[in-house]
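Remarks on the structure that follows.
Just so it is clear, none of the values below were taken in a lab; they were calculated from the coordinates. Note that the structure is a prediction, hence the values are computed from the model and not measured. Heads up, the Cβs are rebuilt from the backbone with ideal geometry, glycines too, and the neighbour counts pull from every protein chain shown.
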Amino acid sequence: MLVRELSLKDADAELKSSLIPVIQGLGMSLIELSVYKSRGRQVQVKLIVQLANNTSVTGIEDCSRVHKAVMARLELTFPERDIYLEVSSPGIERLIKYVDELPHYIGREIMCYRTDISDWTRGKLLAVEAGQILLGREEEELAIPCDIIAKARLSGSAPIGRGG
């Protein structure tokens with residue numbers, strides 16, 4: 001089943017809260033944050049980000065801008081540590097791990113594996129509301145309760161890139 005929300009340790013949740021305004025200020029959305037701390041001096045932070053408008057492909061330049069802006073914040077947060085920061089986009093066939101990330105993909109083609117029919121359902125994600133998603137499929141709209149979605153992923157149709 002899709003997890004309701006990403007549960008972070010308090011310190012990681014605080015870090016996420018401090019990074020979101022920085023990332024949003026760049027016109028981006030934070031999809032996922034992972035923090036790994038070694039027993040030594042190393043901290044590894046992985047961010048998955050995408051353009052907030054979700055109408056363009058998130059490119060290397062976008063990830064680079066986030067990397068530069070976020071690194072300064074991480075150096076303040078972990079002053080005595082060596083920081084490794086990885087910033088990437090969700091990719092065109094991302095496995096959707098959390099219900100909370102679904103709204104980031106409104107307007108995108110997704111596939112959901114449904115436990116009620118033991119099969120995949122594909123469509124354009126139109127809305128996420130009241131514990132269900134709304135998919136557009138050819139001439140119909142289909143409401144699917146989130147609690148019957150075992151897994152979901154983007155189905156490879158990326159939004160049209162900038163400039164064409």
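Put +1 on the Cβ of every Lys and Arg and -1 on every Asp and Glu Cβ in the chain; which of 131, 34, 71 then has its Cα farthest towards the positive end of the dipole?
71
Show log10 I(q)/I(0) for the chain at q = 0.08, 0.09, 0.12, 0.20 Å⁻¹, two decimals, from a solvent-free Debye sum over equal Cα scatterers.
The computed values of log10 I(q)/I(0) come out as -0.27, -0.34, -0.59, -1.27.
State, as an integer percentage, the relative contact order of the stretch 95-154 based on alpha-carbon contacts under 8 Å between residues 6 or more apart.
Answer for the stretch 95-154 is 37 percent.
To the nearest 20 debye, what charge dipole does the chain have about its Cα centre, counting +1 at the Cβ of each Lys and Arg and -1 at the Cβ of each Asp and Glu?
600
Arrange the peptides 111-120, 81-90 so that the one whose residues have, on average, the most other Cβ atoms within 10 Å appears first.
Packing proxy ranking, top to bottom: 81-90, 111-120.
In the stretch 15-58, which trypsin sites (Lys or Arg not before Pro) fall in coil by DSSP and have 15 or fewer other Cβ atoms within 10 Å?
39, 41
Determine the calculated [θ] at 222 nm for the chain from helices alone, applying -39500 (n - 2.57) to every DSSP H run no shorter than 4 residues and normalising by the residue count; nearest 500 deg cm²/dmol.
-7000 deg cm²/dmol
In vacuo Debye scattering of the stretch 76-158, one point per C-alpha: log10 I(q)/I(0) at q = 0.17, 0.21, 0.23, 0.24 Å⁻¹?
Computed log10 I(q)/I(0) values: -0.65, -0.92, -1.09, -1.18.
How far is helix 60-77 tilted, in degrees, relative to the longest principal axis of the Cα atoms in the chain, given as a value from 0 to 90 rounded to the nearest 10?
Computed tilt is about 50 degrees.
Quick one: helix 10-25 against the long Cα principal axis of the chain, what's the angle to the nearest 10°, folded into 0 to 90?
Tilt of helix 10-25: around 80 degrees.
Tell me, what is the percent relative contact order of the chain, built from C-alpha pairs under 8 Å that lie six or more residues apart?
Reported as a whole number, the value is 24 percent.
So, by mean Cβ neighbours within 10 angstrom, what's the order for 22-33, 139-150 with the highest one leading?
Going from most to least packed, we get 22-33, 139-150.
Once R0 is set to 41 Å, what does the formula 1/(1 + (r/R0)^6) return for the Cβ-Cβ distance between residue 22 and residue 127, expressed as a FRET efficiency to the nearest 0.05?
After rounding to 0.05, the efficiency reads 0.90.
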